[in-house]
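**Q** Here's a structure for you.
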């Protein structure tokens, strides 16, 4: 059975988010709203949860999973960031951006890219997601909720609840959220590379 938690988008009920956090702590998958469509999140250090995340999306190990962080300081624990990268991250966070960075040893190998040792990382600008991260007390691994074989992310929490009944442990419903995916920028090379143009306007960061 997949639990549905209906929470206020601006002032989410902490008691409900703590219940959702318990599912995550127990190795479950939870669909959450973000500033760029719904995502599925799981506990970082749970191998079975990582496998389930990839399976629900139909992803192989070369596809970057993304770490959802609460702030810039938390990014620094899981990714190697130099001064130039930090200035870019400071401009962009929180917001609908995913940055590809070199992973630190705190990132499990099964989560990072197998050959490049990089990881997707971001700080979402969404009250519910940030409140959930506070309840969990750590970063969460995530992937955009795009059904296997489709191209568009899902945006209707009730539809997600119906479609993934039995596959997800819980869905957090705070209403619809934007349908655009994050803008993905690879910072692991010598110069920033825009991998995907999404909700974040790269010109704001001086990139094109």
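**Q** Among bridges DSSP assigns within segment 3-199, what percent are antiparallel (round to 5)?
**A** Beta bridges within segment 3-199, antiparallel portion: roughly 60 percent.
**Q** By its C-alpha gyration tensor, with a ≥ b ≥ c as the square roots of the eigenvalues, how is segment 117-186 shaped: rounded for a/c under 1.5, else prolate for a/b larger than b/c, else oblate?
**A** Oblate is the answer for segment 117-186, as a/c is 1.5 or above yet b/c matches or exceeds a/b.
**Q** Here's a follow-up. Under the rule a/c < 1.5 gives rounded, and otherwise a/b versus b/c splits prolate from oblate, where does segment 1-137 land using the Cα gyration tensor?
**A** oblate
**Q** Next question, about the same structure. As a test of the formula, what do you get for the chain when each DSSP H run with n ≥ 4 contributes -39,500 (n - 2.57) and the sum is divided by the residue count, at 222 nm and rounded to the nearest 500 deg cm²/dmol?
**A** The helix-only estimate for the chain comes to -8000 deg cm²/dmol at 222 nm.
**Q** Additional query: Based on alpha-carbon centroids, what's the gap between segment 84-127 and segment 129-150 in Å, whole number please?
**A** When both Cα centres are located, 14 Å separates them.
**Q** What ranking, highest mean first, results for peptides 175-184, 94-103 when packing means the other Cβ atoms within 10 Å averaged over each residue?
**A** Those peptides, ordered most packed to least, come out 94-103, 175-184.
**Q** Still on this structure: 7 Å from Cα along Cα→Cβ at both residue 196 and residue 150: what's the point-to-point distance in nm?
**A** Those two pseudo-labels are separated by 1.5 nm.
**Q** Moving on to the next point. Based on the alpha-carbon gyration tensor of segment 34-77 and its eigenvalue square roots a ≥ b ≥ c, which shape applies: rounded if a/c is under 1.5, prolate if not and a/b is larger than b/c, or oblate?
**A** Details: a/c = 2.04, a/b = 1.47, b/c = 1.38.
Here segment 34-77 falls in the prolate category.
**Q** Put a dot 7 Å past each Cα toward the Cβ at residue 117 and residue 18; how far apart are the dots in nm?
**A** If labels sit at residue 18 and residue 117, their model points lie 4.1 nm apart.
**Q** Can you give me the distance in nm between label points at residue 167 and residue 105, each placed 7 Å from the Cα along the Cα-to-Cβ direction?
**A** 3.8 nm
**Q** Could you work out the Rg to Rh ratio of segment 74-155, with Rh taken as the Kirkwood radius (inverse of the mean 1/r over all Cα pairs)?
**A** Value, to two decimals: 0.97.
Here, each number is a calculation from the coordinates, and none is a lab measurement. Source: prediction; values computed, not measured. Don't worry about glycine lacking a Cβ; one is built from the backbone with ideal geometry, like all the others, and counts go over all protein chains shown.
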